[in-house]
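Trainee: Provided herewith is a single structure, encoded as structure tokens, for subsequent inquiry.
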Amino acid sequence: MGNTGLNELQTWKAKEVVSVNGVTIECCNLTKTFGGLKAVDDVSVTFEAGKVTALIGPNGAGKTTLFHLISGFLRPDSGQIFYRGRRIDGLPPWRIAQMGIGRLFQDVRVFGKLSALDNVRVAFRKQSGENPLWTVVRRLKVNREEQTFTEEAKRLLQFVGLSELENALAEDLSYGQQKLLTIARLLAAGADVFLLDEPTAGVNPEMVRSLLSLIRRLAEEGKTVVVIEHNMNVVMEIADWVFFMDEGQIIAFGLPEEVLGDRAVRTAYLGI
């Protein structure tokens, strides 16, 4: 799909970077090729703190590949990625996660045999109890620290709406509840950026409401939230900004009603 049919407010050239206040993530001219296919083709985007940004587009448009590049699971062939002004492309995923970039995968990753509370508790970084020697020589310190982590884990479970299920095994939670638990774990790990890959997919409608409410609250707390989403009703409800991707390129950028109201976007993506 080309730019034909998109009005000037929505057309956004890949070599430009949208200038916004509070930019957390800045991607500059990213390209990633698999064989002869450019999954991401000279893409430049920025994601803003305190906002929910939606990435939409047909399957194979490059949305998940862009997430892989930001979170370090793939390295770009060219281009740069900055997190709060620090270049991060080329760093390993664990280092990027430690810096504050959290990822919710489509396949939820929790410790099924641990309780919801323990799932959150083990996500805190730099726990003294991880060193067996300290559990002997600094036992009181470790115990006090464990109590602090437990109280904070309970607070996070309450924040995501799972406080009544803190003792339930993670494997016994519904799929939607496991997604809420994963977000609590990301918060415990210190995430400041949330890359959410289809958070509402496979979730029952009642739980979708809880997820959307939590996503908005994360933004209100000043977090940077980027959502890959195929449900356009969800996009209209929660997104502050929308990027439309097709064939590895950013084709349109703007407010949800602008992008989704464009005839060319609707024809290419929605088929209407």
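Trainee: When the Cα centres of region 59-110 and region 210-272 are compared, how far apart do they sit, in Å?
Mentor: Going from one Cα centre to the other spans 19 Å.
Trainee: Can you quote the Å³ per residue value for the convex hull of the Cα atoms in region 211-272, rounded to an integer?
Mentor: That works out to 86 Å³ per residue.
Trainee: Tabulate in residue order the Karplus-calculated ³J(HN,Hα) for region 50-60, using 6.51 cos²θ - 1.76 cosθ + 1.60 with θ = phi - 60°, rounded to whole Hz; enter x for Gly and Pro.
Mentor: For region 50-60, the Karplus curve yields x, 10, 9, 10, 9, 9, 10, x, x, 4, x Hz.
Trainee: Wrap a convex hull around the Cα atoms of the chain, take a quarter of its surface area, and give that in square nanometres.
Mentor: Directional mean of the projected Cα hull area for the chain stands at 15.6 nm².
Trainee: Each residue of region 103-120 in turn: what ³J(HN,Hα) in whole Hz from Karplus with 6.51, -1.76, 1.60 and θ = phi - 60°, glycine and Pro shown as x?
Mentor: So the Karplus estimates, Gly and Pro as x, are 10, 9, 7, 5, 8, 5, 10, 10, 8, x, 8, 9, 5, 4, 4, 5, 4, 6 Hz.
Trainee: Continuing with this model, one more query. Around I228, under 9 Å between beta carbons, what's the net of Lys plus Arg minus Asp minus Glu among the other residues?
Mentor: Charge balance near I228 sits at -2.
Trainee: Now for a different question. What pairs in K51/K113; K32/K113; K113/K154; K113/K179 have C-alpha atoms more than 28 Å from each other?
Mentor: Going by Cα-Cα distance, K51/K113; K32/K113 fall outside the 28 Å limit.
Trainee: Work out from phi, with θ = phi - 60° and the Karplus expression 6.51 cos²θ - 1.76 cosθ + 1.60, the ³J(HN,Hα) of each residue of region 186-194, listed in order in whole Hz, and give x for Gly and Pro.
Mentor: Values, residue by residue: 5, 5, 4, 7, x, 5, 10, 10, 10 Hz.
Rule-based calculations on the coordinates, nothing more; no lab input. Worth saying up front: this structure is predicted, and the values here are computed from it rather than measured. Cβ coordinates were reconstructed from backbone atoms using ideal geometry, including for glycine residues, and neighbour counts include every protein chain displayed.
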